[in-house]
Structure formats: structure tokens, C-alpha cells
Amino acid sequence: MKRCMSLFLVLTFFSLAFAQTSAEKTKFDAGLDAYKSGSFQSAQNTFLEMLQQYPNGQYITGVRLMLAKSYYKLSNYTNAEVVCKYFFTKHPESAYTDDVHHLLGNTLFKLRKYNEAVEEWITVIKTTRDPRLRKISAGYIYETMANYVAEGDLEAFQMRHANPLLDGLVKLARARKLAQSGQNNEARRLLRAFLREQPDHIFTEEARRMLGGDDTGSTLTRSGNRFLFLKSLEPQVQKTSEAMVAGMEYALKEYKRRNPGSKLELTTTDVEPTVVNALNTVEREIEAGQPLCVIGPLNTDQNASLALVSRYEKQPYVVPLSSQHGLANLSPYTFQINPDTKTKGRFLGEYAAKELAVKRLAIIAPVNNYGQDFVESFQKTAEENGSEVITTQWYYETAQDFTRQFRAIWREGFYLAYRDSVVQSDSTVGEDLIRRKYRTYLNDIFKPSRTGTRIDSTDLPSTGIDGLLIVIRNPDFIQFFAKQLAFSNIRTTLIGNEGWNDPLMLRKNRQHLEGLVYTTAGYYDPDSPNYQAFMNRFRTEMRETPQQFHLLGYDIMKWLLSNYSRGISPEALRDRLENARLYEGVLANIRFKQDAPRVNRELTVLRLNLGHIIRLNN
């Protein structure tokens with residue numbers, strides 16, 4: 001009997017353990033699927049839940065790695081750094097250690113801690129057994145050293161790390177710095193020495209490319225009869241890339257019908273989601289015949305490196321989607337179609353102050369680089385134009401409850417409305433007296449009128465703030481803010497950034513968001529006669545219905561073609577693009593101004609009005 005009972009307990013234990021492992025695996029797989037599909041917020045939430053439910057589970061190392069990756073994709077680099085460093089403390093012997101060092105390097109780079117980033121990637125090239133990861137990290141080391149690391153620090157890296165691969169990367173970085181400063185002879189000597197000393201180094205082709213015809217006997221062919229689109233292969237953006245290709249192809253077909261003798265072409269090439277692959281692809285394409293302009297890819301991590309290549313190769317480069325601040329500053333040949341974060345904040349700050357005439361503003365924004373850059377630019381511009389930011393409330397991207405933020409803004413607005421009424425009746429009263437009167441006023445209105453009853457703050461409207469800016473990155477947040485806005489009882493003009501540009505979600509929550517004013521870089525009215533006519537032509541030619549990214553591809557190609565002429569060089573095209581007049585597209589308008597060269601300044605202002613989206617600016 002005792003033996004049977006023991007056997008029963010053992011079987012029960014293993015059954016429960018198996019059930020837990022199975023549930024843990026199911027949840028982990030769900031998080032992976034969300035990540036792979038590009039739903040990074042959902043993936044992050046899943047992995048955070050797993051940390052709580054299975055703190056010692058079988059998948060805990062994978063959970064922490066994927067949580068850090070999710071933070072990184074959501075631009076929450078501070079949290080990504082914390083998770084990576086904690087990983088080394090908890091799991092020093094994990095098989096994922098190299099992947100985490102690599103991710104931490106990428107994260108530190110985004111945080112502009114360039115030397116620390118290089119240290120992490122050096123760890124990877126010294127310890128990993130994965131040749132692919134070693135080459136990627138080596139590429140990051142090279143690009144970062146060449147562009148962000150001082151000469152003295154290069155020598156320090158060499159002294160700290162006796163590693164032949166690193167030694168070669170340092171020589172290449174020095175050669176590039178020399179070439180960029182005009183010391184071409186010194187750069188060539190260093191490159192030749194590198195090729196003699198390390199003929200089997202994984203970056204020998206980079207050295208030969210830098211030497212060009214001097215050592216290889218080949219020269220770059222200057223052919224100006226094609227545009228090149230770098231087509232991203234990542235699952236979450238692959239359909240977007242394909243739509244953009246279709247839009248560009250249609251624009252080129254229109255052009256060729258008007259210019260039947262033209263041999264202008266659009267070529268596309270696939271790009272893997274690594275910086276090294278993008279660099280190698282562009283270099284190979286330029287060697288085959290320099291395109292007039294390179295467009296894409298959609299992977300934001302590759303944009304900065306390709307911008308630097310555009311400067312080195314004097315190659316016009318168009319960034320279609322990234323709003324990362326500073327990209328265009330890396331190269332006079334780089335053009336940003338999606339206005340950067342600071343441009344968007346500056347535009348909306350000016351519009352709020354001048355057009356909406358809001359004098360007092362409150363802000364709710366995420367604690368990340370995007371939120372901080374947007375708010376800084378918005379606030380500075382709004383205050384320069386006569387508005388005042390009363391309070392800024394921050395939230396983490398994992399949050400779904402914003403009660404604290406709304407209550408803080410309600411209190412500010414309620415007090416300001418009271419102060420206005422006092423000053424209106426007696427303009428000589430001082431601030432100290434107003435605050436004493438206000439405390440008495442609060443005691444009176446919130447004192448229970450009868451036993452068991454009490455007025456809640458949200459029962460009374462807060463009317464002292466004219467405009468409330470809520471910054472979001474993902475339209476998934478619309479549902480959370482909309483519901484909580486309904487209970488906040490803050491009567492104000494609601495203002496939003498481009499994260500609110502989801503017409504279906506806005507209409508679904510229109511009863512809470514009526515009057516919302518927000519901006520977007522691209523907008524089209526599907527019911528307008530102009531779009532309907534364009535749609536019919538596009539359908540006939542391309543056999544599909546044009547959507548947002550078809551239109552973006554079409555507008556980019558039309559803009560390029562409007563500045564093209566037969567026989568134009570890439571350098572001359574660059575000059576025309578920078579100084580071109582306003583291009584008014586089906587989806588996007590494109591224009592650059594002197595105060596922000598090569599960053600598009602055109603944004604559309606929209607309002608939610610009785611369930612309809614209406615355009616406020618031309």
C-alpha cells in the first residue's frame with residue numbers, strides 16, 4: 001500500500017511538472033510568434049508575465065533574452081540595458097550569453113555609449129562559436145570605430161585586447177578616418193599593410209574596396225540609368241516593402257509612357273536584417289554600376305550605416321520610414337522622407353500655439369528616446385510661440401493604467417480654473433492668498449453633504465488647461481487612453497502625435513476622443529475623387545488595390561522623377577533634391593527647408609469630427 005501511494009505521488013509530481021512545462025512552452029511560443037510578427041508590445045507583455053509566473057522555469061534564459069529584444073525593438077533602450085546586464089549576473093554560463101552581449105552592444109550604441117558598445121561586441125568576436133554572429137559584431141565594431149571612436153581610444157582597445165581580428169578592424173577604421181580627413185596616401189599605405197599582414201581577415205574585401213582600382217584593377221562604373229530599392233526580408237516589413245516596390249514601379253511606368261525612349265529602370269535587391277549584409281549589398285551594387293539613388297531599406301538599424309556609406313560614396317540615399325533624429329546630419333547625401341522626431345514635435349508645438357491658440361498645455365508621454373525628443377521639441381516651440389507647459393507626466397511603455405497621470409493633470413487644471421476666477425474678480429490678490437483660499441475651497445466642496453456621501457474629484461470638471469498632448473508610439477494604446485479619458489473629466493483640446501493615426505481605432509473609440517487633433521506624415525482620403533481616380537488607374541495596371549505603402553512608394557518615385565533629367569549624375573541629382581520645390585503627392589508631401597536640411601518638413605493635421613477624419617491644413 002505504501003509503495004502504491006509513493007508511486008502515485010511520484011506520478012502526480014511528474015504530471016504536474018509536465019503540465020507546467022507544457023503551459024510555459026505554450027506561452028513562450030506565443031511570445032516568440034508575437035515578436036516575429038512585429039507585435040513587439042504584445043511580445044514584451046508576454047515575457048514580462050512569464051517572469052512573474054515562471055521565475056525559475058525551463059525557459060527563463062530565453063524569456064530574459066526575448067524581453068530585452070522586445071524592449072530594444074520598442075526603443076526602450078534603458079530597460080533593454082538593465083535586462084541584459086542582469087542576465088549576466090543570473091545566467092553567466094548560459095548558451096545565450098554571446099547573443100546578449102551582442103544585443104547589449106547594440107543597445108549601448110543606441111544610447112550613444114559607443115566605447116562601451118564596442119567592448120560588448122569585442123566580447124562576442126572573442127568568445128562566440130557562431131561565425132555569422134562574429135562577422136556581424138565585427139562589422140559593428142568597424143563602423144563604430146570609424147565614425148564614433150577617438151584615435152586614442154582605438155589604441156587603448158588594441159592594448160586591452162590581443163586579438164588578430166580586432167587588430168585588423170582597428171587598422172581599417174584608422175584607414176577610413178585618414179581617407180575621410182583627406183590623407184589618402186597614408187590610408188592606402190595602411191590598407192596595403194593590412195592586406196599583407198592579414199590576407200585571410202574577414203574584412204579583406206572591405207580593404208580592397210577602399211583601395212578601389214589602385215589594387216584590384218577595377219573601378220566603379222558611373223552609370224546613371226537606374227534607381228535601387230533595398231527590399232527588406234524581415235517578416236514584419238516584407239509586405240510593406242513589396243507594396244512600396246509596386247508603387248514605385250507604377251510611377252516609373254507612368255513616366256515611361258510620357259517618355260517612351262527612356263531607359264531609366266528600377267532595380268530591387270533583397271537585404272537581410274543585419275547591418276553588414278546591407279553594407280555588403282550596397283557596395284556590391286555600386287561596384288556593378290552606381291545607381292542614381294538608393295532607397296530603403298525599412299530596417300531602422302541599417303539606416304545610420306547606409307547614411308555613412310552615402311557620404312563616403314557620394315551616393316544619394318532616401319530613408320522612407322525612419323523618424324530617427326540625426327540621420328540626415330550624418331551625410332549630405334541622405335534624405336529623410338518621414339520627418340524626424342524633433343521636426344514632428346516642433347511642427348505640432350507651433351500648430352498648437354498658433355492655430356489652436358492653446359495657452360496652457362499638459363503632456364503625457366512615454367519614457368523613451370522618442371518621447372523625450374518629441375516633448376523637448378514640442379515644449380520649446382510652443383513656449384517660444386506664447387504657450388506654457390504646465391505639467392509633463394511620463395509613463396512606461398508597459399503601462400496600461402494612466403490614472404496617476406490623469407489625476408495629476410486634473411489637479412493642475414482644477415487649481416488653475418479656480419485661480420483664474422479669483423484673479424478675474426480681484427487682480428491684486430497674491431499667489432499665497434489664492435492657495436490658502438483654494439485649500440478652504442477644496443474642503444468645502446469635498447466635505448460630505450450628508451452621512452455616507454462624498455464627492456469624487458472626477459465628479460467635477462477640470463477646465464484650467466487648454467490643451468492636452470498625449471504622445472503614443474503604437475495605436476494599440478488608443479483603447480487604453482480613450483477609456484480612461486472618459487473618466488478623467490478633463491475638459492480640454494486633445495492633441496496627439498502620429499501614433500494616433502489609426503482611423504478604424506479612432507472611430508471605434510470616437511465617443512471618448514471627439515475633437516482630437518493629431519498629425520501624420522502621410523494621409524489620403526479613400527473617398528476623395530482624386531484617390532478614386534488614381535485607384536482605378538493603379539488597379540488596371542498593377543492588378544491590386546493601392547494602400548498606404550503603395551502610395552508612399554509611388555510618391556517617393558514621383559518625387560525623384562520630378563527632379564530627374566537624362567544624363568544627370570548622382571551628385572547633381574542630390575543638389576536638385578535638396579533644393580526642390582514642394583512636391584504634393586497622393587499620400588505624402590515632400591519639401592526640405594534650410595533650418596533642417598534633407599529632413600522632410602511636411603506634415604498633415606487631422607481632426608476626429610463626429611466619427612469622420614477631416615484635414616485641417618492644406
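General remarks:
- Subset of the range 513-522 (residues that are surrounded by 17 or more Cβ atoms within 10 Å (Cβ to Cβ) and at pLDDT 90 or above): LEU513, LEU516, VAL517, TYR518, THR519, THR520, ALA521
- Within this structure, VAL367 passes the test of being within 21 Å of the chain's Cα centre (by Cα), β-branched (Val, Ile, Thr) and more than 22 Å from ASP466 (Cβ to Cβ).
- Counted as qualifying within the range 469-575 are the helices (runs of 4 or more DSSP H) with 1 or more residues that are among the small types (Gly, Ala, Ser), namely 478-488, 529-542, 548-562.
- Test: residue in the range 302-320 that is among the basic types (Lys, Arg), in the same structural domain as LYS231 (by TED's automatic domain parsing) and under 27 Å from THR107 (Cα atoms): yes
Results for (1) more than 31 Å from the chain's Cα centre (by Cα); (2) surrounded by fewer than 19 Cβ atoms within 10 Å (Cβ to Cβ); (3) among the β-branched types (Val, Ile, Thr), shown as yes or no for each residue.
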| position | (1), (2), (3) |
| --- | --- |
| MET145 | no, no, no |
| VAL149 | no, no, yes |
| HIS161 | yes, yes, no |
| PRO164 | yes, yes, no |
| ALA173 | no, no, no |
| ARG176 | no, no, no |
| GLU186 | yes, yes, no |
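- Residue count for the range 576-618, restricted to those that are assigned to a loop (DSSP other than H, G, I, E, B), acidic (Asp, Glu) and closer than 22 Å to ASN501 by Cβ: 1.
- Among (1) modelled with pLDDT under 90; (2) farther than 23 Å from PHE88 by Cβ; (3) surrounded by fewer than 18 Cβ atoms within 10 Å (Cβ to Cβ), the one test that ARG132 misses: (2)
- Evaluation of LEU552 against (1) in the same structural domain as SER323 (by TED's automatic domain parsing); (2) more than 16 Å from GLY247 (Cβ to Cβ); (3) touching a residue at least 12 places away in the same chain (Cβ under 8 Å) (one fails), failing number: (2)
- Sole residue being among the hydrophobic types (A, V, I, L, M, F, W, C) and surrounded by fewer than 20 Cβ atoms within 10 Å (Cβ to Cβ), chosen from LEU606, LEU610: LEU610
The values are calculated or read from the model by the stated rules, or taken from the named source; none is laboratory data. A quick note: this is a predicted structure, and the numbers were derived from the prediction, not measured. Every residue, glycine among them, receives a Cβ derived from its backbone with ideal geometry; neighbour counts consider all protein chains shown.
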